[in-house]
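Handing you a structure now.
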Amino acid sequence: MGYEVLVLNSDYEPLNICNVRRAINLVLRGKVEVIHERHLSLHSKSHSYRSPSVIRLTNYVRRPRPQLKLSRKSILARDNYTCQYCGYSGVDLTVDHIVPKHSHGPTSWENLVCCCRKCNSKKGGKSSAQSGMHPKTLPRKPRYVPFISLTKFVSATENEEWRDYLPVFTTPDREFARS
């Protein structure tokens, strides 16, 4: 039961991603309706259920607009887990300051990029101008802030069933959702 389920508000706005156990619990309590199911059955002692993929709340939930927090995970998700200097996409990624902290470079969306360890070591404590290494895309704060975390939102765009319910937003180098 390790599957994830997209939770929509009653107006079809994505709110959260929960595990299938929580989704089944919400279905049984009548709090949600199932929009899409997986081709997988879940069995209890006396019942059999189809595994939900997308559920929608029956009552509207008012939530304040979330604030996008600057974090390592958010920077990696924004840059699609790809080194902005060499294009490497793998597990050994770090965050690099374009203008180093010791040169009074801010810790901001516009000064941080995803970077592999090799490029980070090569660039060292130098600025992009000094090292001759420039990011492939100009870093900036994402304009769209999803209710779900940015990392979960980016991974959710990989699920074909969920794309119809995820808003489209673009960055200079790529489009998220419905691609």
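Read-outs throughout are calculated quantities, based only on the coordinates presented, and are distinct from any laboratory measurement. Fair warning: this is a prediction, and the values are worked out from it, not measured in the lab. Don't worry about glycine lacking a Cβ; one is built from the backbone with ideal geometry, like all the others, and counts go over all protein chains shown.
What's the FRET efficiency of Ser103 with Arg63 using the Cβ-Cβ distance as r and R₀ = 41 Å, to the nearest 0.05?
0.55
Projected onto the charge dipole of the chain (+1 at Lys/Arg Cβ, -1 at Asp/Glu Cβ, origin at the Cα centre), which of Tyr12, Ser71, Phe153 gives the Cα projection farthest towards the positive end?
Ser71
Could you give each residue of segment 123-134 its phi-based ³J(HN,Hα) in whole Hz, using Karplus coefficients 6.51, -1.76, 1.60 with θ = phi - 60°, and x for Gly or Pro?
Result, ordered by residue: 6, x, x, 8, 6, 4, 5, 5, 8, x, 9, 10 Hz.
Let me ask something additional. Calculated from DSSP H runs of 4 or more alone, at -39500 (n - 2.57) each and per residue, what is the 222 nm mean residue ellipticity of the chain, nearest 500?
It comes out at -5000 deg cm²/dmol, rounded to the nearest 500.
Further question: Between Asp79, Asp96, Asp164, where does the largest GNM mean-square fluctuation fall for the chain, given springs only between Cα atoms within less than 10 Å?
Per the Cα network of the chain with a 10 Å cutoff, Asp164 tops the list.
Another question, then. What distance in nm separates the simple spin-label points at Tyr81 and Arg38, each placed 7 Å from Cα in the Cβ direction?
1.8 nm
Same structure, new question: Averaging the inverse of every distinct alpha carbon separation and then flipping it gives the Kirkwood radius. What is it for the chain, in angstrom units?
After inverting the mean inverse Cα-Cα distance, the result is 18.4 Å.
I would also like to ask the following. What pairs from Lys73/Lys118; Lys101/Lys136; Lys31/Lys141; Lys73/Lys101 go past 29 Å between their alpha carbons?
Working: Lys73/Lys118 19 Å; Lys101/Lys136 21 Å; Lys31/Lys141 35 Å; Lys73/Lys101 19 Å.
Check vs 29 Å cut-off fails for Lys31/Lys141.
Using a 4.7 Å Cβ cut-off, which Cys residues in the chain lack a partner cysteine?
So far as the 4.7 Å Cβ criterion goes, Cys18, Cys86, Cys114, Cys115, Cys119 stand without a partner in the chain.
What is the magnitude of the charge dipole of the chain about its Cα centre, with +1 placed on the Cβ of each Lys and Arg, -1 on the Cβ of each Asp and Glu, and no other charges, expressed in debye to the nearest 20? Mind showing how you got there, number by number?
Details: 29 positive and 15 negative charges, 126 e Å.
Dipole size: approximately 600 debye.
Which whole-Hz ³J(HN,Hα) couplings does segment 4-19 yield from phi under the Karplus relation 6.51 cos²θ - 1.76 cosθ + 1.60, θ = phi - 60°, glycine and proline marked x?
Working through the residues one at a time gives 9, 10, 7, 9, 10, 6, 5, 8, 6, 7, x, 10, 6, 10, 10, 7 Hz.
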